[in-house]
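Below is one structure, written out as structure tokens; comments come after it.
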Amino acid sequence: MQKLDQANETFDRALEECEKFKNALVTELGGMPIASERSRLAHLFLCIALDHFRAITHLLDDGRYAASAFALVRPVADASFRSVWIAQFASDD
């Protein structure tokens, strides 16, 4: 039982850190300049990733929907990678 309690404490600390990261990211996105259609599209993909990330933290915090939370990990990664690719490598055409 002690190992389970330790795992729960570790999990709770990880969720708290996720919440801090999410809040910092929201703050950064609020000040992100949108100078072109390309940066707007990158911003939108990052917002999608953030929405999925929020859903993951809520699902894990509930404790009953871990499988559903883990199913959203891939869409977070996909949206994040697309955002970076569009922002850094795509042309305006």
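Of note:
- Value at 222 nm in deg cm²/dmol, rounded to 500, when DSSP H runs of n ≥ 4 in the chain each add -39,500 (n - 2.57): -28500 deg cm²/dmol
- Based on protein heavy atoms only, the chain ends up with 75 Å² per residue of surface accessible to a 1.4 Å probe.
- Carbon plus sulfur fraction of accessible area for the chain, probe 1.4 Å, in percent: 59 percent
- For Asp78 and Arg40, the FRET efficiency from 1/(1 + (r/R0)^6), where r spans their Cβ atoms and R0 equals 25 Å, is about 0.85.
- Angle in degrees between helix 2-30 and the longest Cα principal axis of the chain, rounded to the nearest 10: 20 degrees
- Here's the picture: charge each Lys and Arg Cβ at +1 and each Asp and Glu Cβ at -1 in the chain, and of Ala35, Trp85, Asn23 the one pushed furthest to the positive end of that dipole is Trp85.
- Simple label model, 7 Å out from Cα along Cβ direction - Ala87 to Asn23, nm: 2.2 nm
The values are calculated or read from the model by the stated rules, or taken from the named source; none is laboratory data. Quantities reported herein were computed from a predicted structural model and do not represent experimental measurements. Methodologically, a virtual Cβ is constructed for each residue, glycine included, from the backbone with ideal geometry; neighbour enumeration extends over all protein chains shown. Just so you know, the surface numbers come from the protein's heavy atoms only, side chains and all, with ligands and any DNA or RNA stripped out. Shrake-Rupley method; radii C 1.70, N 1.55, O 1.52, S 1.80 Å.
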